[in-house]
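The next block holds one structure in the form of structure tokens; read it before the comments.
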Amino acid sequence: MCGIVGYIGKIEAAPLLIEGLRRLEYRGYDSAGLTTIAADGSLHTRKRAGKLNALVESIDGNMPLGTVGIAHTRWATHGAPTTPNAHPHHDGRDEIAVVHNGIIENAGALRLKLRELGHVFRSETDTEVLAHLIDEMYADSLEQAVAAALAQVEGTYGIAVVSSRDPEKVVAARLGSPLLLGIGDDGQYFVASDAAAVVAYTRNVVYLDDGEVAVLTRDGYQTLDLKGQPLIKEVSEVSWDLDKIERGGHAHYMLKEIIEQPHSVEDTMRGRLLEEEGTARLGGLRNCLPPEEVDRFNHIIFTACGTSWHAALIGEYMLEEFVRIPVETEYASEFRYRNPVLDDRSLVIAISQSGETADTLAALREGKRHGARGVSIVNVVGSTIARESDCGVYLHAGPEIGVASTKAFTSQVVALALLGLYLGRGNMSVLQGREIVEALRKLPMQIKEIIDRSDEIRELAELYHEHPNFLYLGRGYNFPVALEGALKLKEISYIHAEGYPAAEMKHGPIALIDENMPVVVIAPRDSVYTKVLSNIEEVKARGGRVIAITTEGNGELSGLADHIIKVPRTREMLQPVLTVVPLQLLAYHIAVLRGCNVDQPRNLAKSVTVE
Ligand code: G6P
């Protein structure tokens with residue numbers, strides 16, 4: 001949420017900063033801006049409301065000069081997405097420029113205090129307050145002023161700051177919002193919210209932790225705590241390439257990521273399936289969660305947000321079935337403010353694509369504070385949730401750029417199945433374990449079969465893209481898929497859609513059903529199929545239009561459902577990996593037909609680092 005990039009080095013900063021922002025635009029796209037420091041030490045700021053292209057057009061070939069700079073792409077929190085509210089923000093003398101991701105909670109009180117000291121504000125943002133506060137605290141160096149200002153701040157921040165008073169420097173700091181340093185060749189240093197912004201220049205990164213400050217100069221970088229004490233930090237290597245974050249000829253990132261799923265799911269399983277033993281190897285869990293010790297936990301809590309929460313619900317069904325320990329799935333935003341009953345016999349599992357979602361991170365911390373074991377299932381390597389958990393499982397799905405999550409979801413479900421095998425193998429026969437391993441192995445091929453039928457789904461989208469409401473129904477393992485299908489549709493097409501447990505329909509949503517209501521029913525031939533069939537009958541009896549997602553070989557629905565999309569059959573626990581794919585494609589095609597911006601839907605951001 002909000003993307004930051006900063007640079008100091010030997011080449012012109014502005015084009016490099018814009019390229020970095022382009023790779024971070026998924027984090028927010030309400031407005032964008034940058035500041036460079038020219039050779040004479042003066043600050044040059046350009047900013048614009050709207051997408052990054054609006055900024056680029058406004059600069060129109062007249063790039064501000066300088067080899068030091070900071071830039072920002074915004075997801076508005078304080079103040080509407082206007083040009084004055086866009087970052088960078090200056091102090092009153094135009095000598096300090098700040099970009100910020102996060103929320104300064106005491107901005108109101110600080111603003112009042114600064115006004116009394118004569119400061120005049122030009123925006124409604126909390127960030128501008130920080131720029132003025134840094135000015136107020138300036139004594140001898142930029143890092144000293146930043147640290148002194150941050151000591152008065154309540155809230156969260158990832159910031160990058162430059163100043164004409166100390167022009168050979170970029171100062172960065174973090175508390176609660178992700179930030180990393182990129183260590184380039186030849187005296188080039190970067191700061192960014194995400195490695196995507198710097199990977200074109202370097203794969204060597206240093207992840208900042210909360211309460212840390214970094215000072216970048218052309219001669220090197222220094223990491224400090226807020227009291228100015230030097231810290232030694234490890235340099236990590238980013239393992240993926242630039243082509244992983246490029247669109248590669250696809251119309252949208254979302255489509256690219258849907259199509260990638262046979263590979264991303266395969267990558268999640270790579271090296272982890274133990275065919276002979278009928279179980280999974282999860283090296284990251286070996287020390288803190290060995291399967292032979294799982295019985296010491298008396299309950300398991302999954303916590304997550306959005307799509308990851310839907311995957312967690314599927315995980316709940318899997319672990320209860322195979323591990324036989326009570327499992328609850330909690331919205332991270334609710335869990336963190338409850339007074340949950342937890343102790344050292346509790347296992348809290350945080351699921352997150354980005355590994356940076358503020359609520360999920362806070363829920364994990366809350367769990368650990370109560371003595372629970374904190375485990376993570378995360379995609380982004382080195383992210384905060386991954387680092388703060390006691391141990392975890394990486395998805396290895398590769399970078400996900402489209403705001404609507406697709407490949408991360410299928411990889412999460414697969415990782416949860418691996419966790420089920422790993423922890424639950426003690427409760428199942430070797431034969432059962434082997435059957436699950438075999439079913440997992442087949443998934444990539446089966447996903448591909450569905451993707452190959454994308455045109456069929458587009459035809460369906462053509463019939464339904466003008467409908468204002470949709471209902472999605474599913475039961476058992478496919479109830480979370482109904483939720484996920486509805487979420488995908490509303491996120492990118494702005495059509496109102498609700499997901500419901502199929503049987504709950506009669507307790508309310510059935511009142512909505514008439515001939516204008518498309519009802520997507522996920523009805524694979526599984527243990528609850530006949531129940532779902534009755535629910536389809538109930539919809540049809542009221543004139544609803546049924547789009548059924550069922551498994552190959554099921555001829556029973558023709559004559560009942562208006563449209564049938566068939567997916568290959570797999571084990572019941574894994575069926576969501578397949579039933580969700582047509583729903584992703586349906587949402588995608590509908591959004592495209594409605595002319596929506598699929599990769600950057602209005603009001604959303606991919607990485608929600610504010611609560
Ligand atoms: C945002 C994204 C969703 C995502 C959710 C949780 O709302 O738009 O796609 O599911 O955050 O994100 P996480 O990175 O924790 O999985």
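The values are calculated or read from the model by the stated rules, or taken from the named source; none is laboratory data. Predicted model, so just to flag it, every value in this text is computed and none were measured. Here the Cβ is made from the backbone with ideal geometry for all residues, glycine too, and neighbour counts use every protein chain on show. The protein model used for the area step is the full one, side chains on, heavy atoms only, and it has no ligands, DNA or RNA in it. Shrake-Rupley method; radii C 1.70, N 1.55, O 1.52, S 1.80 Å.
A few notes on this one:
- Residue list for segment 410-459, restricted to those being of a type in the set (S, T, N, Q) and open to solvent by less than 10 Å² (accessible area, probe 1.4 Å): 410, 411, 412
- Which numbered condition residue 185 misses (of (1) modelled with pLDDT of 95 or more; (2) closer than 28 Å to residue 41 by Cα): (1)
- Of the helices (runs of 4 or more DSSP H) that lie entirely inside segment 103-169, those containing 2 or more residues that are acidic (Asp, Glu) and crowded, with 17+ Cβ neighbours inside 10 Å span 126-137.
- Selection status of residue 35, within 28 Å of residue 9 (Cβ to Cβ), touching a Gly at 6+ places or on another chain (Cβ under 9 Å) and either touching a residue at least 24 places away in the same chain (Cβ under 8 Å) or not in a helix (DSSP H, G or I) (or both): yes
- Single residue of segment 50-74 satisfying the filter (in contact with a Gly (Cβ under 9 Å, 6 or more places away or on another chain) and small (Gly, Ala, Ser)) that is surrounded by the fewest Cβ atoms within 10 Å (Cβ to Cβ): 69
- Residue in segment 401-412 that is farthest from the ligand (Cβ to nearest atom), counting only those that are over 12 Å from the mean Cα position of the chain (by Cα) and under 26 Å from residue 346 (Cα atoms): 411
- Residue match in segment 500-520 (condition: more than 16 Å from the ligand (Cβ to nearest atom), touching a residue at least 60 places away in the same chain (Cβ under 8 Å) and surrounded by 22 or more Cβ atoms within 10 Å (Cβ to Cβ)): yes
- Test: residue in segment 325-336 that is within 24 Å of residue 432 (Cβ to Cβ), away from the ligand (no atom under 11 Å from the Cβ) and part of a loop (DSSP other than H, G, I, E, B): yes
- Checking each residue of segment 300-318 against the condition of being over 25 Å from residue 486 (Cβ atoms) and modelled with pLDDT of 95 or more gives at least one match.
- Total residues in segment 75-102 satisfying the condition of being part of a strand (DSSP E or B) and open to solvent by 10 Å² or more (accessible area, probe 1.4 Å): the figure is 1.
- Number of residues in segment 474-494 that are closer than 14 Å to residue 549 by Cα, not charged (D, E, K, R) and not in a helix (DSSP H, G or I) equals 1.
- Residue in segment 456-465 that is more than 16 Å from the ligand (Cβ to nearest atom) and part of a loop (DSSP other than H, G, I, E, B) present: yes
- Options 364, 319; residue that is closer than 23 Å to residue 474 by Cβ, more than 10 Å from the ligand (Cβ to nearest atom), buried (at least 19 other Cβ atoms within 10 Å of the Cβ) and not hydroxyl-bearing (Ser, Thr, Tyr): 319
- The set of residues in segment 521-554 being open to solvent by 10 Å² or more (accessible area, probe 1.4 Å) and of a type in the set (S, T, N, Q) consists of 527, 530, 534.
- Flag for residue 352 being surrounded by fewer than 23 Cβ atoms within 10 Å (Cβ to Cβ), small (Gly, Ala, Ser) and within 14 Å of the ligand (Cβ to nearest atom): no
- Taken together, 485, 398 contain a single residue that is modelled with pLDDT under 95, within 16 Å of the ligand (Cβ to nearest atom) and either buried (at least 17 other Cβ atoms within 10 Å of the Cβ) or under 27 Å from the mean Cα position of the chain (by Cα) (or both), which is 398.
- Number of residues in segment 296-312 that are away from the ligand (no atom under 13 Å from the Cβ) and in a helix (DSSP H, G or I): the value is 1.
- Any hit, segment 260-279, residues being of a type in the set (A, V, I, L, M, F, W, C), within 16 Å of the ligand (Cβ to nearest atom) and over 19 Å from residue 577 (Cα atoms): no
- Residue in segment 280-316 that is farthest from residue 360 (Cα to Cα), counting only those that are open to solvent by less than 20 Å² (accessible area, probe 1.4 Å) and in contact with a Lys or Arg (Cβ under 6 Å, 6 or more places away or on another chain): 280
- Subset tally (residues that are part of a helix (DSSP H, G or I) and of a type in the set (D, E, K, R)) for segment 214-248: 2
- In this entry, residue 602 passes the filter for residues that are basic (Lys, Arg), under 27 Å from the mean Cα position of the chain (by Cα) and modelled with pLDDT under 95.
- Residue list for segment 561-597, restricted to those being within 16 Å of the ligand (Cβ to nearest atom), surrounded by fewer than 23 Cβ atoms within 10 Å (Cβ to Cβ) and hydrophobic (A, V, I, L, M, F, W, C): 596
- Residue under evaluation residue 390, criteria (1) out of contact with any Ser or Thr (no Cβ under 8 Å at 6 or more places or on another chain); (2) within 11 Å of the ligand (Cβ to nearest atom), criterion not met: (2)
- When each of 28, 9 is tested for being among the small types (Gly, Ala, Ser) and in contact with a Cys (Cβ under 8 Å, 6 or more places away or on another chain), the lone residue that passes is 28.
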